[in-house]
Each structure stands twice: as C-alpha cells, then as structure tokens.
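Colleague: Below is the structure I would like to discuss, written out as structure tokens.
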Amino acid sequence: MYYWNDLGMSLEITGDKWILWHSWGDGSRARVVESDDEGAALMWYIGLLDKNNKAIYEYDIDMIDDEPMIVARAGGNFGLRFPSDCDYHIDAWIVWGERDIGGNVYENPELLEGVE
C-alpha cells in the first residue's frame, strides 16, 4: 500500500521499529501497518521528481542508460548505488530531474535480474 499525506495518518518510530497509524475524529486510532508486518517497507520520499515528473523514493530503481541503480541514503544524503553495493554516487553529482525511475526493489525486483 502507498500512503502519502493522507489525513489522519501518523508515523511512530521507536529505535528500528515503526508503526503507521490512522487517527479518527473521535480521538481513537488504528494501526495500519508496522515494520514487523510481512512485506512492509518504509520508503522515504526524497523530495524530488524524475524526468517523467514521478516522485522519487528511497529504494526506487533508476533505469537511465539501461543500467539499473538504486536510490539510497548514506550519511544523511540521497544518491544512487549499483545493485552490487560496490559503488555509491552522492546526490550533489546527480541531476535528479534527468533520472528515469522504473519501479522499486520491492515491487519490481525483475528490473535487477541479471545485474552484477
């Protein structure tokens, strides 16, 4: 599921655990999803758009030049890394508006198949 700016939603982070809540008008709230749920992933919007005006999130896959790279965070900055984790490019050198996001590592793992 995708949640962004939905009314009544709040994120609670404690250590390495997180819970997404929905608050109702009467003061009650319900758990929507949490870090321990199978298949749950917390992906941070980096605040930028790709060349197709698609919002870019951490763990998205950039498909520019048919060489997939993963949007990742290191040292408080976002950048791109190869799937092998061997190289990382910091965001100061990346023109995000020229990137071509093809999906993310959770919903589109096939984009990384055969990549070393």
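The values are calculated or read from the model by the stated rules, or taken from the named source; none is laboratory data. Note that this is a predicted model, so its numbers are computed, not measured.
Colleague: Take the stretch 58-80 and flag every residue that is among the polar types (S, T, N, Q) and at pLDDT 85 or above.
Modeller: None; the set is empty.
Colleague: Which ones in the stretch 20-37 are at pLDDT 90 or above and not polar (S, T, N, Q)?
Modeller: LEU20, TRP21, HIS22, ASP26, ARG29, ALA30, ARG31, VAL32, VAL33, GLU34, ASP36, ASP37
Colleague: Just need a number here: residues in the stretch 81-95 that are at pLDDT 80 or above and farther than 23 Å from ALA41 by Cα.
Modeller: 2
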